[in-house]
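Right, one structure below, let's go through it.
Values in this text are rule-based calculations from the coordinates and carry no lab data. In this text the structure is predicted, and so the values were computed from the model without any measurement. Virtual Cβ from ideal backbone geometry, glycine too; neighbours counted across all protein chains shown.
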Amino acid sequence: MPTTRGWLVAGAGALLLAVGVLSQYQELALLGALAVLAVAAAVLAVGRTADVAVLRSLPSGTRTTPGRSVRVHMRARNTGRRRLRITERVLGPDGGHDVPLASLPGGGTGGSDYWLQPFRRGVVELGPLRAGRSDPLGLAESGRSHGATDRVWVHPRRQYLRAIPVGNVADPDGEVDGARAGTLTFHTLRDYAPGDDLRHVHWRSSARLDRLVVREYVDTSQTRVCVLVDDRPCPGGTPLLDEVTGAAASLLATGVRAALHCELRLVSGRGRDSSGGLPPLLDLLAEAEPDPGGNLADALHLARTRSEGDTAILVSGALDTADLRALGQLGDRYSGLFAALLGQRERPPAPPSVTLITAGDAASFADRWNEAPWPR
């Protein structure tokens, strides 16, 4: 179809043609007709873009952290007979832009690599690939989107903390023995993996799904930690939420490494546990955005309806006395209640049942947390 330049040339040509005909000025009418014909010829010459088969791979993985590069390898095949210009659309927390790639010859296959280096926490969408061509004068162009969209999760920066205080542990010194016994309570069904006990195969579900699935059990007496991330809008905006998620990531990374059963919940409603390891928890932190629909009272009520936990930690960028009092009401469900407040200058008074830690950002939070006299 015509480009912006093409529409301007066609419009000016049509105007000249009309004026020339009405004024019987043949040279002016001829000039206008030539302009309109030039745009029409450009549209016909460009034609319709052929299909392009796209294969995108991420040898560096689909997870990264701010400042760490990810290599994206592209392979594409042009099913048409004419050369195509291709670009890749990249949309992330830093904005969107098009990455130019090597053009594809007619009927040929080509490959291009480019590096993705995000600087902020979030989710980066790769694609779709855009293939097209234009005429030499830039009067017309054609283009189509091809291939699927892939995602890269940019996890918040994190560091391991000195300890995670827990309330109910077998060791009087507060250490977790790391046992992950799994023979007490049925948790879920999952796909069979080599080495699983065949006695745990759920044959009825396996027959229905046409693949082997096994029963997974968890030890309900295992020490557990609930990390609640406040993703409500606050004066600090998304940059402050980046710091909040960074502090939460440090807590979760430390808890998972200590073999604690960790659960992550966003105030807006989404949640995951550590049964799938640390990466899915960090994925959810990467996806978190300020949500006006988040309600802290509802999130705390949901925490109350779940089974009792050992430790609950609320990480936020904006808390007041009422919020801390509402958290303190979970004292009959959690033996340890903590609140981490980042980026807020005023320190609200906290009830005796809640331990409040204030810090300017995620890095200073880690220092303040490590300075606390937690049992080890």
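Brief remarks on what is shown
- Between L22 and R162, the simple label model (points 7 Å from Cα in the Cβ direction) yields a spacing of 8.6 nm.
- Between 0 and 90°, nearest 10: helix 362-371 axis offset from the chain longest Cα axis: 10
- Local net charge near V39, Cβ-Cβ under 10 Å (Lys/Arg +1, Asp/Glu -1): 0
- Taking every DSSP helix (H) stretch of at least 4 residues in the chain, weighting each as -39,500 (n - 2.57) and dividing the sum by the residue count yields a mean residue ellipticity at 222 nm of -9000 deg cm²/dmol.
- Cα-based helix-to-principal-axis angle, 26-46 vs the chain, degrees rounded to 10: 40
- The residue among L55, L137, T65 whose Cα reaches farthest toward the positive pole of the charge dipole of the range 52-154, with charges on the beta-carbon of Lys, Arg, Asp and Glu, is L55.
- Here is the P(r) of the range 52-154: all C-alpha pair distances, binned every 10 Å from 0, give 15, 46, 27, 11, 1 in whole percents.
- Counting only the Cα atoms, the range 242-376 fills a convex hull of 112 Å³ per residue.
- Overall shape: prolate for the chain, with the ratio a/c of the largest to smallest alpha carbon gyration tensor axis at 1.5 or above and a/b above b/c.
- Peptides 73-79, 225-231 ranked from most to least packed, by the mean per-residue count of other Cβ atoms within 10 Å: 225-231, 73-79.
- Taking a point 7 Å out from the Cα of S103 in the direction of its Cβ, the residues of the range 40-57 whose backbone N falls within less than 19 Å of it are 42-53.
- Neighbours of R190 by Cβ distance under 14 Å: Lys/Arg scored +1, Asp/Glu scored -1, total -3.
- As a length-normalised measure over Cα pairs under 8 Å and 6 or more apart, the relative contact order of the range 4-46 settles at 40 percent.
- D_trans [Stokes-Einstein, Kirkwood Rh over alpha-carbon pairs] for the range 197-272, 25 °C, 0.890 mPa s, µm² s⁻¹: 159
- Taking every Cα-Cα distance in the range 4-46 and sorting them into 5 Å bins from zero, the calculated P(r) comes out as 6, 31, 27, 19, 11, 5, 1 percent.
- Summed side-chain charge close to A131 - residues other than A131 whose Cβ falls under 10 Å, Lys, Arg +1, Asp, Glu -1: +3
- Using alpha-carbon coordinates, inclination of helix 278-287 to the longest axis of the chain, degrees: 50
- A Förster distance of 41 Å, applied to the separation of the beta-carbon atoms of L137 and T62, puts the FRET efficiency at 0.45.
- The chain, relative contact order [Cα under 8 Å, separation at least 6], %: 13
- Extension gain for R144 to A363 (0.36 nm times residue separation, less C-alpha to C-alpha distance): 74.3 nm.
- Between D332 and R151, the distance separating the two model label sites (each 7 Å from Cα on the Cα→Cβ line) works out to 3.9 nm.
- Among T245, T188, a tally of other beta-carbon atoms within 10 Å of each Cβ gives an order, fewest to most, of T188, T245.
- Spin-label proximity, R190 to the range 253-286 - amide N less than 17 Å from point 7 Å beyond Cα toward beta carbon: 256-264, 272-283
- FRET efficiency, L212 to L302 (Cβ-Cβ, R0 35 Å, nearest 0.05): 0.55
- Relative contact order for the range 224-371: 26 percent, from Cα pairs under 8 Å spaced at least 6 residues apart, divided by residue count.
- Rounded FRET efficiency, nearest 0.05, which uses the C-beta distance separating R71 from S275 and R0 of 30 Å: 0.45
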